[in-house]
Amino acid sequence: MYNRVVLLGRLTRDIELRYTQNGLAIAKTAIATNRKYKTQSGEQKEETCFIDITLFGRAAEIANQYLSKGRQVLVEGRLVYEQWTDKTGQKRSKHSVAVDNLQMIGSRDSASQNMDTKSSNYTSPTYNQEKSMQKTQTKQEIPEIDIEDDEIPF
């Protein structure tokens, strides 16, 4: 199965950063995306979709530091189905995007100032990658690989 989502939009609210008991940063926010289309009668319409997104680890901390409401971002990740019970006891659910790759686009007011748009990338490690990075950092060893040039397939 393949579960991949790529979205370009603007943040609808500031980042909400929290930490798990293990110290993993989790940031939640949402983006709005627009779609323009013509109806059968030729009328121009616009549709806005609001999507909740979640970032983990260092990407969550960077997003909290540099992003705010209105900032344009490109996110790549996977759909996640969330379920919970609200305060009234009613079961609720929604789809959100767990972000693996975040790209900050321009600045919040770059369109009004007609500035060059500079972007920066940050690829979020998955939770398992984050754990293995922590283990590797404590060892400080780099394994050596004994491979001849003829064995490389490219």
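Couple of notes before you dig in:
- Qualifying residue in the range 14-35 (condition: within 20 Å of I105 (Cα to Cα), loosely packed, with under 15 Cβ neighbours inside 10 Å, among the polar types (S, T, N, Q) and touching a residue at least 40 places away in the same chain (Cβ under 8 Å)): no
- Residues of the range 42-62 include at least one that is among the hydroxyl-bearing types (S, T, Y) and either touching a helix residue (DSSP H, G or I) at 6+ places or on another chain (Cβ under 9 Å) or closer than 25 Å to I105 by Cα (or both).
- For Y2, the stated conditions hold: it is exposed (fewer than 13 other Cβ atoms within 10 Å of the Cβ) and not in a strand (DSSP E or B).
- Reported count of residues in the range 20-53, each being touching a Gly at 6+ places or on another chain (Cβ under 8 Å), over 18 Å from V6 (Cβ atoms) and assigned to a strand (DSSP E or B), is 1.
- One residue stands out in the range 75-132 among those that are outside any helix (DSSP H, G or I), closer than 21 Å to L24 by Cβ and of a type in the set (D, E): the one that is modelled with the highest pLDDT, namely E76.
The values are calculated or read from the model by the stated rules, or taken from the named source; none is laboratory data. Only a predicted model underlies this, so the values are computations on that prediction, with no experimental measurement involved. Backbone-built Cβ (ideal geometry, glycine too); neighbour counts: all protein chains shown.
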